[in-house]
Each structure stands twice: as structure tokens, then as C-alpha cells.
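What follows is a short report on a single structure.
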Amino acid sequence: MSKVTITIDGMQISADEGMTVLEAAQAHGLYIPNLCNHPDLKPAGLCRVCVVKMDDWKVTVSCKQPVKDGMVISTEDPEVQKIRRNTVELIVADHPMTCLTCEADGNCELQRVAHYVGVTPEGLNRYRRKIRNIPMDRSNPFFDIDHSKCILCGICVRTCDELQNINAIDYAQRGVTSLISTLGNKPIADSRCESCGECVVRCPVAALAPKGAQEPMYEVKSICSYCGVGCGVMLGVRGQKVVSVEGDRNNPVNKGSLCVKGRYGYKFINHPERLSTPLIKKNGTLEEASWDEALDLIAEKFSGSKGDKFAALASARITNEDNYLIQKFTRAVMGTNNIDHCARL
Amino acid sequence: MTNSIAEIGGAATILAIGTNTTQAPPVLALQAKKAAREGANLIVANPKEIDLCRHATIHLQHRPGTDVALVMGMIKVIVDAGLADMDFINSRCENYDAFVDSLSEFDLPSVEKITGVPGELIGKAAKMYASEGPSSILYCMGITQHCHGTDNVWSLSNLALVTGNLGKANAGVNPLRGQNNVQGSCDMGALPDVYPGYQKVAKPENKLKFETAWGVSLSDQEGLTHSEIFDDIHDGKITSLYLIGENPYLSEANANHAIESMNRLDFLVVQDIFLTETAELADVVLPAASFAEKNGTFSNTERRIQRVRKAIDSPGEALPDWQITAAIAQKMGAKGFDFDDESQIMHEIASVTPSYGGISYDRLEGGGLQWPCPSPDHPGTPTLHLGKFGTPSGKAQFMPLSFRDSAELPDDEYPFLLTTDRSLFHYHTGSMTRRVDGLEQLDSEEFLKINPKDAASLGLEDNEVVQIASRRGQTQAKTKVTKICPPGLVSMTFHFAESPTNVLTSPALDPVAKIPETKVCAVKLEKA
Ligand code: SF4
Ligand code: SF4
Ligand code: SF4
Ligand code: FES
């Protein structure tokens, strides 16, 4: 790929041909405020927050502007500042001021943009309108939709379309009544939504927010335990509990994508019905027992049924190491090849 | 899979047959949908109008169990139209002439009669697959769970070979393995006829190799398969069963037989994370760690070995499965089970399994490795069969085939054909997903999907309880009246203990793979 050199606020950087100005800046760790851009999606140019001045004359949106060799970009030109401030103030003026109790607090692109631009109470008062009072859609068991927080960036719509090809949601209505909606404006749980949560993880504010989300203490890189795709996951841990699952963007298989089971189907792990001690059947009922008791009984019984009186069924759910030892046990200790698993079911 | 998941996105034509890909496995379906969006042809062959059809160029809605006729019909069109890749066939395949002879029964009018698909559409799909490559075949249980499942797979392999779509990038024959580590359990030799790495038990040199490695003498008899094990238990020949992480009470075809068998055992040990329906039958239940509580590796459907890492402690005294098995072995006085951790087990796996020879935990820190990976400096193998095939001659075999009916077809008494599928929101017998409230909320009970015409003829409304009976058992579920099913075909999942679908399904086995025919059986329906 051929390289070009552009200048952003006096700094020369190199970029790949075909990149946008915003991408080139981000590749060098330079922040240009933006709201409707997402690296996984095609640029939409909707929010106009990412405006810059190009070659000292043209104001353009950096998320759609391809780089050209020798291009000179200013992000702090007075005209750019003025447009950007107005745009951001218009969006913020419409937004509920409930930041401290909001799921996205500290992790919100709108906060970041507002801080960067320096939104003031005076500025907002010029635009302040009544916050729209649309009831929240709480129908999905895993996430809520709070339309009053929505900035209409369309990232969710494009995610569901471009990445998932499901098209469960779209814009509905026009002008100030615009909102994100399902076909026929039904609750999302009654739409064709597959609850993958891909839109939720990309929403820059908390208009789409996971229900009862807990911030993990730390994350552990692992693999989803459901299906054979083997998506990379980051298990979010708090104490001895898994409280979240995120897609591992560095995993070559799923590059961050997950389905509903992988992302939200983790509550079985800390389920109260998990088995926690061995059980031995006595007089027809299973009773708690110690490991020693259980192992002694098994060793005695298995020793008496070596050879073809014995069979083991391993599992497609457990690790390679687990399976290896079970077949080794069956063959080397029990003396039979009666070992299979549920591959066929 | 012969090729990698990422290669699906690069195919020019995708044939998705016997796979309800957007329901399982959904993240892989993203690749197929993306390819279709970017202009690839997507041919969906499925008796039902599944969700993937929304993205399809062509939907071949063949009758369940007629895959061999459909695919061989496609091949005949390709050969007759001169679209066979003769260079590939001559240089890399064997047995082509005998195979071509077997095509004569698959003329389009006959195939149309068997499959119910218009011949013209079959012809169009065949030519598309043959001439607009690279073409990739995706298949799943809709192909394998038949009494002629092996023939179904052979037919797909024939199709790929005749058009040279094997052993090259973005093509291939790609079974989508359902469960997270089904690939790995096979690789590890949790199979009755092979040691780890598919080394045949029947070959004396393999037996000798493992006797030497493990320091014991081994049986030279191949073992029994899953269904045969239950038969032998039933007949009193097998008296002890060690069952790990599996719930045959719900998953086994003709489940009543499996339950009866387990009740006859002298000694049943079940090792699991929950007290499943099967565990309730056990003499001893052992508490196992979940994936979040242990270290190890899973091998995915594209043969990629990836690291699973411990995130939390297990509840109470639960232990990783390997530690439990090792403890039993040691109690019985066996040697060779004293591992300190999982990486030592992988070390032993690598030493006896040629395709895993180059695998060690250090090397899996990045994105994992795809086997064959025979040595520590080998980069892994994303695409199989590139220069040659894994057969003794290095060439691929064409397999002459003839069409056989499913074991049990509808008749006057049992007039509907029942097929099974899966829900996006549940996994297998639901022992995990049904304990996740949200998933349960999204999908909480079994539905019998039925065509509006059939529902009307039986006087059934949507959402009405219906009694479903086969020759083997009966159950109830609510109806979902939907055109997804063509007339005559009804469909259920098997996730719900309240409506145990597998009491209905047929135990007819594929003679080679010993897979039961859970995709086709005859049932009758009555308003409950
Ligand atoms: S819901 Fe979120 S992602 Fe969707 S348009 Fe609103 S702010 Fe953007
Ligand atoms: S959760 Fe997934 S399917 Fe549902 S709207 Fe969001 S992206 Fe679309
Ligand atoms: S996230 Fe979904 S597609 Fe990925 S491995 Fe898990 S179950 Fe399979
Ligand atoms: S980020 Fe460029 S217009 Fe929104």
C-alpha cells in the first residue's frame, strides 16, 4: 500500500492511501472529536462533529475525507471551532443531564466530545429544549433502550445492517421526532432482533445499555464454551464471579463479534445449582459425600469391571487435556476401547 | 473444516446445505452473510425456509433425507455440461470413471421427483457452483444425522472434487462442528476406533506405540460407539459407565431406550457441572469445574487450538475434569496420571499425536494454531490438502453412490415427517442456557413448527398444545404455525426437558458413522 504524508495542526504524519483523515489521525493517536464514526463501520458523516479545515479553505468532515499527499488539515481553525461547538451544543442541549447515574458515565463519547469542545451552560441555554419523553424499551432481557439519551448517530442501525445483516432496527419518523425503532415500532423483544448485543457495545452513549451491568475488576482472555466457532472472549471478573463477557477483538476467529449465547449466556457459571461436592446414592437418594469416599467407591467398582464390561463417554464440552486423560484412563487403566462422546448428536 | 472460517468470506459461491447457520453457529454465519452482501452467490439447500434464505441467491428446498439425490443430480449437470475440472480430476483424484457410471440414475427428472426441487433450479445452482468459484460448501447436522449420513458427506466431497474446489483457498468442504470442543474430543481420541490424532486402534504399530508411551498393554479390539454402548448396557454386557458432561437422557435419539439402559447399569458415574436429568440416575455424581474455572485448550471447527484460561475458582469442591480422572486412576494404582498442570498434559499429547506435535502453551499465546502442526517450528495449517490429500496414495477418492430412502418415512398412520433443529438462544439439552434467565425469557418452551395448511387440516391454531407421537414415544408442545415448514414437514428443537423431542426420534444408524437419524422420523399429531 502506498503511503502519503499529510499535516495535521502543523504535525507531519504518514498515512496509507485510502484512509480517511480521521483514521490517519487516530492511527497516530491524535484525537479529532467524533460521534458517529466507528472503526468497524463505513463512515456515515452524520453528526458533523468531526469537522476540520482542509488546505486552509474547505471545511469538511474528517471521517469521510480521504487523505491526499501534501494535504494540510487544521482541527483548531476558528471557523471549525465555531461549527463544532454549535453542533455539540445542539446535541448536548437535547440530552438528559443525569451523567452520575448513567451506565455510560466515564465511558461516554458524548461526555468526551463535550469536554473537549468545552460546552458551557450559557451555550446550552441558547438551545435548551424540553428533553423528549419517550418511554424506555425494557423488553429485551439483556439490554434497555433509552431513547431520551439517543444522539441518533446511527451506529446501532449500521451495526445491525452492515455487520450483522439482521436489520432489526432503523430510523423512524422525521425531524425532531426521529428515533431508532423496530419494524412497526414494536418492542425490540418482538422484533427480529437476535439479541447479539453488537449494537449495544458500540452505542457511544447509554441509549443502548446492558441491564444491570457491573464493571469488572479485571478481565481474563479465554474462549467461549458454547459452540464450535470458538470465539475469543474476555471474561470480566469481580471477586469469584463472572460479571461480563466481551468479544476479544484480537482473536482471529471472531475479531470481537459474539452471539447472544456467548455474550449474555454466562450466568450459568455462578448459578446456585452448580454441583459443589461429590454425591453418592444411598437408599435411592443422592447424598453429599467426601472426595475420598467417592473415589474409594469408584476405584473399587471400576476395578471390578475392567475390560469390555466398562465404557466411558467423554464430552465435546470439556478441554482437550480432559478428553485426553479420559481416553487414556479408559484404554490404559480399564483395558478397553469403549470410549466415545456425543460428537454425533 | 478443510478451510478456515475467514476463508468463507472470500468464496465466490457458498453452498450451505443442512445447516441453519444463523441459529448455530451464528458468528460464523456472519461470514456467509457478509460474502453474500458483497456479491457472492449463496445457495441454501434446506427443507425449511430458514433465516439464511433471506440472504440467498437460490434456495433449494429439497425433501429431508434426499441430499444424495440433490447433490449427485447437481454433479451430473456439471459433468454433462462439460464443467468438470478435468485437470484437477486427472492429477489429484482417483476412481472417477466408476463414479461417473454411478451418475446415470441421477438424471434431472428423477432427481426432481425424489427431491421435490424443480430440475431447472438444480441445474442453475449446479452451474453456479461449478463455474463461479472458488466455491465453499458448509454443512452441519442436517447432512450427518441420517441413516445415510456418510453417503451425504461423500456426495459433497464428490461435488467439491469434480469442480476442483478442494485443496485451495476460499473453497473446501466445511463441516461446522456444533459443540465447542467436538473437534478436540475427536482429535484426542475420545473415539472407539482411534487413538489421539486418528491413529487407528486396528493397526498393530499404533497399539505398540501407545503401549510403549503409556507403559501398559492395550486392547487390540476396537471399542463400541455411543449408540452401541447403550445397546450393550441394555443387554447387560456393559455394567459400568463413566459419563462426563453429557445428558443422554435428553440428547440421545430414542431416549427412552437410553434411560432404560442406564437404569440397568450396576454402576453409573456422572461427572458434570449441574445435576442433569442423567446425573439423577447415577450412583456417584462428581462435581466438575466449568470452562471459566480451568485452564486448557479447545479446538474449534477450523482446527484451531486455542487457550482456555481460568478466571475464577470453582464452587465448593468441584475440580477440573482431568484432575478427577487422574485421581480415579491414581486411586486404582495406575501410573502416568501424575500431572502438575494442564501444560504437562499438552506436552504428552504433543509427544504422541503427530498433528499436535508442535503445540505447546507458549506457542498458543497469540491467536492459537491450526493443526496439522507437526513440529515446534511449523506455523499451522489454515487450509488442508493444498498439494496432496491425506490418503495413502495422496489422491482423493471419488465415491460412487446410489440414493437410499430414510429409514422411516411418513405413512397413513404417522403422516408427518418430523425433523429437528436448534434455537439460537439455547444450547443442546439446555443444562446451561436454560439456567440463564434472559435466554429462558427469550425462548422458554418447545414449539412444533407446522405449515398453515397442515395446521388448518388438523384444526390447530397457532400456540395451541398438540400431542406428537411416533412409533417410539410421545410428547406435547405448542404449535407455531409458520410457512418456514413446507406442508407435510414439522420441526422441533430438543432443548426442553418438558417436551423431550428425542423420545420421538429414530434410532436408525448410519452404518459407518453410527449417527442416529434424528433428522427424519414419522409422527402423528393430535390436538391435546
Ligand atoms: S441508540 Fe446509541 S448507537 Fe443507536 S443511534 Fe442512538 S446513540 Fe447512536
Ligand atoms: S442486538 Fe443485534 S440483532 Fe438486535 S438490534 Fe442490536 S445488532 Fe441488531
Ligand atoms: S459467541 Fe456464539 S458463535 Fe461464538 S463460540 Fe460462542 S456460541 Fe459460538
Ligand atoms: S464522525 Fe464524522 S460526521 Fe460523525
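Going through the range B:168-221 one residue at a time, which ones are at the interface with chain A (Cβ under 7 Å from one of its Cβ atoms), in contact with an Asp or Glu (Cβ under 8 Å, 6 or more places away or on another chain) and outside any loop (DSSP other than H, G, I, E, B)?
B:196
Looking at A:72, A:92, which one is outside the structural domain of residue A:171 (by TED's automatic domain parsing), touching a helix residue (DSSP H, G or I) at 6+ places or on another chain (Cβ under 6 Å), of a type in the set (A, V, I, L, M) and open to solvent by 10 Å² or more (accessible area, probe 1.4 Å)?
A:92
Quick test for you: out of A:222, A:244, A:290, pick the one residue that is open to solvent by less than 10 Å² (accessible area, probe 1.4 Å) and among the hydroxyl-bearing types (Ser, Thr, Tyr).
Just a single option satisfies the conditions, and that option is A:222.
So which strands (runs of 3 or more DSSP E) are wholly in the range B:427-485 and hold at least 3 residues that are within 11 Å of chain A (Cβ to nearest Cβ)?
By residue number, no strands (runs of 3 or more DSSP E) qualify.
Looking only at the range B:220-243, which residues are under 26 Å from residue A:275 (Cα atoms) and either in contact with a His (Cβ under 8 Å, 6 or more places away or on another chain) or among the polar types (S, T, N, Q) (or both)?
Answer for the range B:220-243, where residues must be under 26 Å from residue A:275 (Cα atoms) and either in contact with a His (Cβ under 8 Å, 6 or more places away or on another chain) or among the polar types (S, T, N, Q) (or both): B:226, B:230, B:239, B:240.
Determine whether residue B:29 is surrounded by fewer than 24 Cβ atoms within 10 Å (Cβ to Cβ) and in a helix (DSSP H, G or I).
When the stated conditions are applied, residue B:29 does not pass them.
Which pairs do you get when a residue that is more than 7 Å from chain B (Cβ to nearest Cβ) and of a type outside the set (S, T, N, Q), found in the range A:264-289, comes within reach of a residue that is open to solvent by 40 Å² or more (accessible area, probe 1.4 Å) and more than 16 Å from ligand 3 (Cβ to nearest atom), reach meaning Cβ atoms under 8 angstrom, with the pair 6+ apart or on two chains?
A:287/A:281
When residue A:204 is evaluated against the numbered criteria (1) over 12 Å from the mean Cα position of the chain (by Cα); (2) more than 14 Å from ligand 3 (Cβ to nearest atom), which criterion, by number, is the only one it fails?
Of everything listed in (1) over 12 Å from the mean Cα position of the chain (by Cα); (2) more than 14 Å from ligand 3 (Cβ to nearest atom), residue A:204 misses just condition (1).
Does residue B:280 fit the bill of being at the interface with chain A (Cβ under 9 Å from one of its Cβ atoms), surrounded by fewer than 24 Cβ atoms within 10 Å (Cβ to Cβ) and over 26 Å from the mean Cα position of the chain (by Cα)?
Spelling it out, residue B:280 is indeed at the interface with chain A (Cβ under 9 Å from one of its Cβ atoms), surrounded by fewer than 24 Cβ atoms within 10 Å (Cβ to Cβ) and over 26 Å from the mean Cα position of the chain (by Cα).
State all residues of the range B:41-66 that are within 14 Å of chain A (Cβ to nearest Cβ), surrounded by fewer than 20 Cβ atoms within 10 Å (Cβ to Cβ) and touching a strand residue (DSSP E or B) at 6+ places or on another chain (Cβ under 8 Å); if no residue qualifies, say none.
Across the range B:41-66, the qualifying residue is only B:53.
Could you check residue A:317 against (1) free of Cβ contacts under 8 Å to residues at least 40 places away in the same chain; (2) open to solvent by 20 Å² or more (accessible area, probe 1.4 Å); (3) out of contact with any helix residue (DSSP H, G or I) (no Cβ under 7 Å at 6 or more places or on another chain) and say which number it fails?
(1)
Look through the range A:225-249, keep the residues that are within 7 Å of another protein chain (Cβ to nearest Cβ) and outside any strand (DSSP E or B), and return whichever of them is nearest to ligand 4 (Cβ to nearest atom).
Checked the range A:225-249; the qualifying residue nearest to ligand 4 (Cβ to nearest atom) is A:231.
Mind listing whichever residues of the range A:148-179 are more than 16 Å from ligand 4 (Cβ to nearest atom) and either of a type in the set (A, V, I, L, M, F, W, C) or at positive phi (or both)?
Hits for the range A:148-179 are A:160, A:163, A:165, A:166, A:167, A:168, A:169, A:172, A:173, A:175, A:176, A:179.
Filter the range A:38-53 down to the residues that are buried (at least 19 other Cβ atoms within 10 Å of the Cβ) and over 16 Å from residue A:159 (Cβ atoms), then identify the one that is farthest from ligand 4 (Cβ to nearest atom).
A:53
Here is a yes/no grid of residues against (1) more than 30 Å from residue B:9 (Cβ to Cβ); (2) open to solvent by 10 Å² or more (accessible area, probe 1.4 Å); (3) out of contact with any helix residue (DSSP H, G or I) (no Cβ under 8 Å at 6 or more places or on another chain):
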{"site": "A:266", "(1), (2), (3)": "no, yes, no"}
{"site": "A:286", "(1), (2), (3)": "yes, yes, no"}
{"site": "A:303", "(1), (2), (3)": "yes, yes, yes"}
{"site": "A:311", "(1), (2), (3)": "yes, no, no"}
{"site": "A:323", "(1), (2), (3)": "yes, no, no"}
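When both residues are 6+ apart or on different chains and their Cβ atoms are under 6 Å apart, which pairs have a first residue that lies in the range B:324-350 and is within 7 Å of chain A (Cβ to nearest Cβ), and a second that is surrounded by fewer than 16 Cβ atoms within 10 Å (Cβ to Cβ)?
B:332/A:303
Tally the residues that are within 10 Å of ligand 2 (Cβ to nearest atom) and open to solvent by less than 50 Å² (accessible area, probe 1.4 Å), restricting the search to the range A:164-186.
7
Only one of B:227, B:251 is more than 7 Å from chain A (Cβ to nearest Cβ), open to solvent by less than 40 Å² (accessible area, probe 1.4 Å) and under 28 Å from residue B:493 (Cβ atoms); which?
B:227
So is residue A:22 outside any loop (DSSP other than H, G, I, E, B), away from ligand 2 (no atom under 16 Å from the Cβ) and assigned by TED's automatic domain parsing to the domain that holds residue A:60 or not?
Yes.
Answer yes or no as to whether residue B:184 is open to solvent by less than 10 Å² (accessible area, probe 1.4 Å) and under 18 Å from the mean Cα position of the chain (by Cα).
The answer is yes for residue B:184.
Scan the range A:145-163 for residues that are over 17 Å from residue A:47 (Cα atoms), open to solvent by less than 30 Å² (accessible area, probe 1.4 Å) and within 12 Å of ligand 2 (Cβ to nearest atom) and jot them down.
Result: A:145, A:160.
Does the range B:8-15 contain at least one residue that is under 20 Å from residue B:419 (Cβ atoms) and in contact (Cβ under 8 Å) with a residue 40 or more places away in the chain?
yes
Between a first residue in the range B:178-198 that is more than 16 Å from ligand 3 (Cβ to nearest atom) and a second residue that is open to solvent by 10 Å² or more (accessible area, probe 1.4 Å) and part of a strand (DSSP E or B), which pairs have beta carbons less than 7 Å apart while being 6 or more apart in sequence or on different chains?
The qualifying pairs are B:193/B:200; B:194/B:200.
State all residues of the range A:211-224 that are within 8 Å of chain B (Cβ to nearest Cβ) and among the aliphatic types (A, V, I, L, M); if no residue qualifies, say none.
A:220, A:223
The values are calculated or read from the model by the stated rules, or taken from the named source; none is laboratory data. Keep in mind the model is a prediction, meaning the values are calculated, not measured. A quick note on method: Cβ atoms are made from the backbone with ideal geometry, for glycine too, and the neighbour counts reach across all protein chains shown. With ligands, DNA and RNA removed, areas are computed over all heavy atoms of the protein, side chains included. Shrake-Rupley method; radii C 1.70, N 1.55, O 1.52, S 1.80 Å.
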